[in-house]
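Accompanying notes for the structure given below.
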Amino acid sequence: MNRRTLLGHLGLAASGLTLTAPLLPRPGLAQQAQITGAGASFPNPVYQKWAEAARGAAGIALNYQSVGSGAGINQIRNRTVDFGASDAPLTEQQLTEANLLQFPSVMGSVVPIVNIPGVEADKLKLTGELLADIYLGKITKWNDARLVELNRELNLPNLAIAPAYRADGSGTTFVWVSYLATVSSEWKQKVGVGTSVRFPAGTGARGNEGVAGTVKNIRGAIGYVENAYATTNKLVTAQLRNKAGRFVAPTQAAFLAAASSANWNVPGMAANLIDQQGEAAWPIVSPTFILLPKNPTDATRSLNVMKFFDWAFRNGSQMAQELEYIPLPSTVHDMVRAAWKAEVKANGQPVWTM
């Protein structure tokens, strides 16, 4: 079964942007454990796939709302869900203040998408510096001399560039602007890094779904989404020049090449995979994170969150790869389980008993 078929089985038809629908409990499954999560849209396709499979296999029904990392962080801080999800890792201080444990769940990639008449997928070449200048409003036409020089084999039109960006608090934005700030000192100084920044040029849209829809519907548009949204909606992706100076297409092999250099022995297990070394590496790869209370309001539901992700770690790697995500190494799974045992407590007692 190929990846597009799998996404179709999830209800993610290429003709529609339907990646946010939560999986609701089915009739007759009242005995299943119920857990709720909210946050990042970046990993939503794989969370929905895991949720679909875990219903029967693990007896856990997950209702996950793809509302963006910023909203997910707020909801778990307010304890209105059992876990939050964010592509932007919280700092040690933020985790301490909110009494949260942070752990990675999977890795994914952010890709540039374009809508340029006559330009097919992965034919356009871009650099991080050019992307920064487009979003800074310094490059406004697709036939700009710098773009034409880099893409002599293409007939780039005299067409206005319409940048699209996330209007909501977004981990995908955090990953994207982290890359732009890494390769462009002007971006770093003028705009900076965050889940929500003031883009000098372009139009905002909500969610990966909204950016994908904007680019799909506007001639001349450019945007950034998690790779699953580009593939699902048949959007045109571009090559990027990596740190080694090579132009690479957004492929699973390129994502894996970048992920292989991750250092997880950092606070919050917040490995940085932006613009890594390696001739084959895709430059915009990132983990995505789960935020779990150390003082849950319902210890049983918190335990079931851990059981769900333990099941996903043991059984969901192939599903993640089929959706072109990058599973965590088994050594990182073990690090996460050790963190659960050591740090997650309910009413002063450990709740991890597997």
Evaluation of Asn272 against (1) over 17 Å from the mean Cα position of the chain (by Cα); (2) surrounded by fewer than 17 Cβ atoms within 10 Å (Cβ to Cβ) (one fails), failing number: (1)
Single unsatisfied condition, Ala257 versus (1) in contact (Cβ under 8 Å) with a residue 40 or more places away in the chain; (2) over 29 Å from Pro117 (Cβ atoms): (1)
Residues being modelled with pLDDT of 90 or more and of a type in the set (Ser, Thr, Tyr) - total across segment 208-249: 3
Gln93 vs. criteria in contact with a helix residue (DSSP H, G or I) (Cβ under 9 Å, 6 or more places away or on another chain) and not assigned by TED's automatic domain parsing to the domain that holds Thr172: no
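Residues checked against (1) surrounded by fewer than 21 Cβ atoms within 10 Å (Cβ to Cβ); (2) in contact with a helix residue (DSSP H, G or I) (Cβ under 8 Å, 6 or more places away or on another chain); (3) among the acidic types (Asp, Glu):
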| residue | (1), (2), (3) |
| --- | --- |
| Gly169 | no, yes, no |
| Trp176 | no, no, no |
| Thr182 | yes, yes, no |
| Phe199 | yes, yes, no |
Pairs where the first residue, in segment 290-314, is over 14 Å from Asp334 (Cα atoms) and the second is basic (Lys, Arg) and outside any strand (DSSP E or B), C-beta under 8 Å, 6+ apart: Pro293/Arg79; Pro296/Arg79; Thr297/Arg79
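Answer yes or no as to whether Leu180 is part of a strand (DSSP E or B) and not assigned by TED's automatic domain parsing to the domain that holds Glu343.
Numbers: part of a strand (DSSP E or B): no; not assigned by TED's automatic domain parsing to the domain that holds Glu343: yes.
Answer is no for this residue.
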Strands (runs of 3 or more DSSP E) fully within segment 83-172 counting 1 or more residues that are closer than 24 Å to Lys243 by Cβ and more than 18 Å from the chain's Cα centre (by Cα): 100-114, 162-166
Matching option when the condition is within 28 Å of Gly213 (Cα to Cα), modelled with pLDDT under 95 and outside any helix (DSSP H, G or I), among Gly11, Gly37: Gly11
Qualifying residue in segment 325-344 (condition: more than 23 Å from the chain's Cα centre (by Cα), part of a loop (DSSP other than H, G, I, E, B) and either in the same structural domain as Ala71 (by TED's automatic domain parsing) or modelled with pLDDT of 95 or more (or both)): yes
Odd one out for Ala201 among (1) part of a loop (DSSP other than H, G, I, E, B); (2) closer than 24 Å to Trp282 by Cα; (3) modelled with pLDDT of 95 or more; (4) in contact with a Gly (Cβ under 7 Å, 6 or more places away or on another chain): (2)
Of all residues in segment 201-220 being of a type in the set (A, V, I, L, M, F, W, C) and surrounded by 22 or more Cβ atoms within 10 Å (Cβ to Cβ), the one that is farthest from Ala270 (Cα to Cα): Val215
Scan of segment 207-265 for residues that are in a loop (DSSP other than H, G, I, E, B), under 17 Å from Val46 (Cβ atoms) and touching a strand residue (DSSP E or B) at 6+ places or on another chain (Cβ under 8 Å), ordered by number: Pro250
Unmet criterion (only one of (1) crowded, with 23+ Cβ neighbours inside 10 Å; (2) modelled with pLDDT under 95) for Val305: (2)
Residue identified as at positive phi and either in the same structural domain as Thr182 (by TED's automatic domain parsing) or in contact (Cβ under 8 Å) with a residue 24 or more places away in the chain (or both) among Gly72, Gly108, Gly137, Gly84: Gly137
Flag for Met319 being in contact with a strand residue (DSSP E or B) (Cβ under 6 Å, 6 or more places away or on another chain), modelled with pLDDT of 90 or more and surrounded by fewer than 23 Cβ atoms within 10 Å (Cβ to Cβ): no
Condition met for Glu279 (surrounded by 20 or more Cβ atoms within 10 Å (Cβ to Cβ), not aliphatic (A, V, I, L, M) and not in a helix (DSSP H, G or I)): no
Scope segment 52-61; condition surrounded by fewer than 23 Cβ atoms within 10 Å (Cβ to Cβ), touching a strand residue (DSSP E or B) at 6+ places or on another chain (Cβ under 7 Å) and either in a helix (DSSP H, G or I) or among the hydroxyl-bearing types (Ser, Thr, Tyr) (or both); matching residues: Arg55
Extreme residue, farthest from Ser109 (Cα to Cα), among residues of segment 332-346 that are free of Cβ contacts under 8 Å to residues at least 40 places away in the same chain and of a type outside the set (Lys, Arg): Ala342
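The values are calculated or read from the model by the stated rules, or taken from the named source; none is laboratory data. These numbers were taken from a predicted model, which means no experiment stands behind them. Cβ coordinates were reconstructed from backbone atoms using ideal geometry, including for glycine residues, and neighbour counts include every protein chain displayed.
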